[in-house]
Every structure is written in structure tokens, then in C-alpha cells.
Protein chains: 2
Amino acid sequence: MSRSLETPLSKVKRGPNRASYDAVLAFNIIDSALLCHVGQTKEGQVFVTPTCHWRDGDYLYWHGHSKARNVKGPIDQPEKVCINMSLLDGLVMARSAFHHSVNYRSVTLFGVPERIDDREEKLRQFKIFLDKVSPGRWEQLRPVNEQEIKATGLVRIKIEEASVKMRAEPPIDDAEDANWPVWAGVIPLEKTWGQGQQDPIQQEDYNTPTSPDAV
Amino acid sequence: MSRSLETPLSKVKRGPNRASYDAVLAFNIIDSALLCHVGQTKEGQVFVTPTCHWRDGDYLYWHGHSKARNVKGPIDQPEKVCINMSLLDGLVMARSAFHHSVNYRSVTLFGVPERIDDREEKLRQFKIFLDKVSPGRWEQLRPVNEQEIKATGLVRIKIEEASVKMRAEPPIDDAEDANWPVWAGVIPLEKTWGQGQQDPIQQEDYNTPTSPDAV
């Protein structure tokens, strides 16, 4: 067990047997996902926005247009946002409809976003993000220019209030259904990066980039 | 174009060129995804909960333990929730870091959840859900019992206030970068249902169930 991310807010109320607050386990799931969902409010209305995220140490980062809701909103009106990332791993086929489930890995985080304005730190984080998406690619790209750095908003929350929920096991049926005559088990969802589709306007042949470990 | 789901709330502020409000397009994306993210508030704090969803006509449904936050909460304290489902389709590799992107299909919906308590309608909806997960399986299962129907909360929102955002194209680079010497294109994310892993306690051989079209 690494340090605990449990707080009164992050404590899981339903299905606590599938919950964990282990920071390293949360980091692994965060790193395995490309996409998260940021929940925030504006004038009392809740909004959920999908966005790509990355992690550097104890912090979760995301970026976007400097005027985008999930970048500008929580800075203009500071609030504790809720972020969830979920990886669907399989369908759990039980002998009764009621016991059907999914295998998954999920992290829910809470935190007040802070904006990063420092030019060097922004650059450093953008490289960390690109290294998550395609290791080694950053150095091959046309270098970032000042206008791009300025136009891209960068925010982060500290990963200190969070929970993990996950399921990774066969169906759990009622004992009396054990011999019900229907297939029971798990159908895994396989996610793979396919053959790169080169930009049609590109004439030269280059090596396709490295695919990410995350999906 | 089918009917429009545009309202002042669902109108997309950033990247309107990637937005649509076409109901049939939204239905297709909703049906293609198994998992959505429900955003709601409790005492001013936002929560985002992943859950499986299905659709029946103009309504989006989800279910859960009758005391679960995303089932009980919005009924106890009625509010307009925000639900997003996003399918990541590929990585868009551009010639500059700034123009990297993802191909995706995403729907954001708003609505005040209503709970369905009618026994027959609950049963009918649970079958529609299972038919989405594995067509033809419902009839093979141990029939649902009264306690299971009672313990399972069913909620829905009408799909009438929503937006679609999607991207499905090669990178769009600055014109002056067209000949930058690096591979550019799209790396597609392929999702497939793998070989069923039979429950280890099951001795008989049965046909594995039909996999869903949704992922």
C-alpha cells in the first residue's frame, strides 16, 4: 500500500468492497487512460466535459483552448471539480440478468484546479503529455511557437482526494443458479492501436509513430 | 437532418464547427457506447459517476442500486444533470504538437431524471438493456425475481437537450508545415470483443453469448 487518497468526500458509499484509495493503484489507472471526464458547475448547472489528461508525479494535468470551459471556468470561479476516468475491460455474463456486470478500472478525483502560466513549465508539461501519446515524437515535430503556448491553457489538480473502483473477476451468481444451463463468464474488451493511416496529402514515407500504452 | 436537440444550454461554445444537434446522429452515438458519465451535484459539490446506459426511443436510461447516488440523488433533489458519452476513435498525429488531436464521437445531454417505478416497465427496460449487451440472452437466463426488480432503481431522461461533437479526419496542420519531415496521420483505436473466458466453476460447455455492437 502506498499513501491513501481517502477523504470524507472521496470515500466510496456504494460497493465499498470494490474500492481502494491506494495512490499507486490510482496512478496506474490514470496513466492507462487517455481520456477523462471533468465535472464542474456554472451558475449551479453541472457540465461534464471529456478531455485528454496526463500525470506528472502527484498532479493530474489537462489542457485546452485558454477560453475553454474546462480550462477557464474552474479558474474564474474556483470550485472543487470531480474528474472520473473509466476503462471498460469486459462484460460479465452471469446466469441471471441481475448479476450481469462489467469488469472495469475507474478513478474518481476531486480537487480545485490551478492554472499554470509559467512558459517553461507549460512547455515541459506539453512534452510530458506528448511523450504519453507517442514516446520520442516531440523531438521530431515542428517546434512549438510562442503563440501556441499562449493560446493553450494548462491546468492541474493535486492527486490527494480520490478513489479507485474496479472489478476484475468472473460472474458472482446466486448459489442456487450455479447449474442454470447458460454460458457464464467474461467477454473481454480488447483495445489495440491499428495500422497508421497516413495523411493523404503526405507524399514522403516516414516511420509511423510509436503508439501509446494508454488507451 | 432529423429534429434538433439544440437549446441555449446544449449549444456548443468552443469548436462549433465540430458540433451537431441532429437527434438521429446523437442516437447512433448513444447506441454505440456502453458507458456514460453522469454529472450531478450534492450540496453544491459536483460528482461524476460512470454507468452503463441504453436508449429506448427518445429516452436515455440507466439503472443501479436503488440507493446509488446516480439513481437516488437526482430524484431526491431534482436537478438537470449532464451526461456525456465519448468514444475515442483514433490519435491524430500532426506535424506540430499544437495540432495533435483525437478522432472521437461524443454526446452531451442535459435533463432532469425521472424514476420509473412501474414493475412491468422496469422489466421491459431491463430486457432492452440486456438485448443491447447480448441479443437473445435474456430468454436464456434465470428469470428475474421480485426482489431484484425492487432493488434495482431505473431512471431516464428525455433526449431533447443535447449536442454531438465529433472529429473524423486527418491532421490539419499549418500550411507552412506541410513538408515537415515527420509522419502525419491517424492511428485508429480498434476495439473488439475477445474470446469469452468461461466461468471457472462452470463444467458444462455452452455456446458463448452474442457480443454487443456497442463498446
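Given the conditions (1) outside any strand (DSSP E or B); (2) out of contact with any His (no Cβ under 8 Å at 6 or more places or on another chain); (3) in contact (Cβ under 8 Å) with a residue 60 or more places away in the chain, report the number of the one that B:F129 does not fulfil.
(2)
Exactly one condition in (1) farther than 21 Å from A:L87 by Cα; (2) under 19 Å from the mean Cα position of the chain (by Cα); (3) surrounded by fewer than 17 Cβ atoms within 10 Å (Cβ to Cβ) is false for B:S32; which is it?
B:S32 satisfies all of (1) farther than 21 Å from A:L87 by Cα; (2) under 19 Å from the mean Cα position of the chain (by Cα); (3) surrounded by fewer than 17 Cβ atoms within 10 Å (Cβ to Cβ) except (1).
Quick check on B:A168: is it within 8 Å of chain A (Cβ to nearest Cβ), of a type in the set (G, A, S) and either closer than 24 Å to A:F47 by Cα or surrounded by fewer than 17 Cβ atoms within 10 Å (Cβ to Cβ) (or both)?
Against the criterion (within 8 Å of chain A (Cβ to nearest Cβ), of a type in the set (G, A, S) and either closer than 24 Å to A:F47 by Cα or surrounded by fewer than 17 Cβ atoms within 10 Å (Cβ to Cβ) (or both)), B:A168 does not qualify.
Could you grab me the full set of residues in the stretch B:20-48 that are more than 7 Å from chain A (Cβ to nearest Cβ), in contact with a helix residue (DSSP H, G or I) (Cβ under 7 Å, 6 or more places away or on another chain) and farther than 14 Å from B:V107 by Cα?
At the first step, the residues of the stretch B:20-48 found to be more than 7 Å from chain A (Cβ to nearest Cβ) are B:20-33, B:36, B:38, B:42-44.
The next check asks that each one be in contact with a helix residue (DSSP H, G or I) (Cβ under 7 Å, 6 or more places away or on another chain); those that pass are B:38, B:42.
Hit for the stretch B:20-48 is B:K42, nothing else.
Testing A:Q197 on (1) modelled with pLDDT under 95; (2) under 19 Å from B:E169 (Cα atoms), one condition comes back false. Which one is that?
Only one criterion in (1) modelled with pLDDT under 95; (2) under 19 Å from B:E169 (Cα atoms) is unmet by A:Q197, namely (1).
I'm trying to understand the selection: among the residues of the stretch A:49-70, which are modelled with pLDDT under 95 and either under 15 Å from B:S106 (Cβ atoms) or within 16 Å of the chain's Cα centre (by Cα) (or both)?
Once the filter is applied, which keeps residues that are modelled with pLDDT under 95 and either under 15 Å from B:S106 (Cβ atoms) or within 16 Å of the chain's Cα centre (by Cα) (or both), the stretch A:49-70 yields A:G64, A:A68, A:R69, A:N70.
Regarding the stretch B:148-156, can at least one residue be identified that is within 19 Å of B:W62 (Cα to Cα), in contact with a Phe, Trp or Tyr (Cβ under 9 Å, 6 or more places away or on another chain) and of a type in the set (D, E, K, R)?
yes
Six or more apart or on different chains, Cβ under 6 Å: which pairs go from a residue in the stretch A:152-176 that's under 20 Å from A:A33 (Cα atoms) to one that's of a type in the set (S, T, N, Q) and assigned to a loop (DSSP other than H, G, I, E, B)? Could you list them?
A:E161/A:T7; A:E161/A:S10; A:A162/A:S10; A:S163/A:S10
Any residue in the stretch A:49-67 that is of a type in the set (A, V, I, L, M, F, W, C), out of contact with any helix residue (DSSP H, G or I) (no Cβ under 9 Å at 6 or more places or on another chain), surrounded by 18 or more Cβ atoms within 10 Å (Cβ to Cβ) and more than 30 Å from A:W183 (Cα to Cα)?
no
When both residues are 6+ apart or on different chains and their Cβ atoms are under 9 Å apart, which pairs have a first residue that lies in the stretch B:76-90 and is within 9 Å of another protein chain (Cβ to nearest Cβ), and a second that is among the acidic types (D, E)?
As it stands, the answer is B:K80/B:E161, since those pairs meet every condition given.
Would you be able to tell me the number of residues in the stretch B:1-24 that are among the aliphatic types (A, V, I, L, M) and closer than 16 Å to B:N103 by Cα?
1
Considering each of A:G15, A:G73, A:G39, A:G44 in turn, give the residue that is on the phi > 0 side of the Ramachandran plot and without any contact (Cβ under 8 Å) to a residue 60 or more places away in the chain.
A:G44
Keeping to the stretch A:134-155, report how many residues are closer than 21 Å to A:S66 by Cα and either of a type in the set (V, I, T) or within 23 Å of the chain's Cα centre (by Cα) (or both).
Here the count works out to 6.
Which is loosely packed, with under 13 Cβ neighbours inside 10 Å, in contact with a helix residue (DSSP H, G or I) (Cβ under 7 Å, 6 or more places away or on another chain), on the phi < 0 side of the Ramachandran plot and not hydroxyl-bearing (S, T, Y), of B:R119, B:R115, B:R142?
Only one candidate qualifies: B:R119.
Take the residues of the stretch A:5-23 that are under 19 Å from the mean Cα position of the chain (by Cα) and polar (S, T, N, Q): which is nearest to B:G73 (Cα to Cα)?
A:S10
Count, please, the residues in the stretch A:1-12 that happen to be touching a residue at least 60 places away in the same chain (Cβ under 8 Å) and over 15 Å from A:M85 (Cα atoms).
Start the filter on the stretch A:1-12 by keeping residues that are touching a residue at least 60 places away in the same chain (Cβ under 8 Å), which leaves A:5-7, A:9-12.
With over 15 Å from A:M85 (Cα atoms) added as a condition, the list becomes A:5-7, A:9, A:11-12.
Residues that pass the stated criteria total 6.
Look through A:G196, A:G185 and report the one residue that is without any contact (Cβ under 8 Å) to a residue 24 or more places away in the chain, facing chain B (nearest Cβ under 7 Å), of a type in the set (G, A, S) and surrounded by 13 or more Cβ atoms within 10 Å (Cβ to Cβ).
Within the list A:G196, A:G185, the selection yields A:G196.
Which residue pairs have Cβ atoms under 6 Å apart, sit 6 or more places apart or on different chains, and have a first residue in the stretch A:201-213 that is among the charged types (D, E, K, R) and a second that is assigned to a loop (DSSP other than H, G, I, E, B) and at pLDDT below 95?
Final answer for the pair search is none.
Out of all the residues in the stretch A:101-117, is one or more in a helix (DSSP H, G or I), more than 9 Å from chain B (Cβ to nearest Cβ) and either closer than 30 Å to B:V182 by Cβ or at pLDDT 95 or above (or both)? Break it down into steps so the answer makes sense when it comes.
Step one: filter the stretch A:101-117 for residues in a helix (DSSP H, G or I), giving none.
Scanning the stretch A:101-117, I find no residue that is in a helix (DSSP H, G or I), more than 9 Å from chain B (Cβ to nearest Cβ) and either closer than 30 Å to B:V182 by Cβ or at pLDDT 95 or above (or both), so the answer is no.
The values are calculated or read from the model by the stated rules, or taken from the named source; none is laboratory data. Because the structure is a prediction, the values reported are computed rather than measured. No Cβ is skipped: glycine too gets one built from the backbone with ideal geometry, and neighbour counts run over all protein chains shown.
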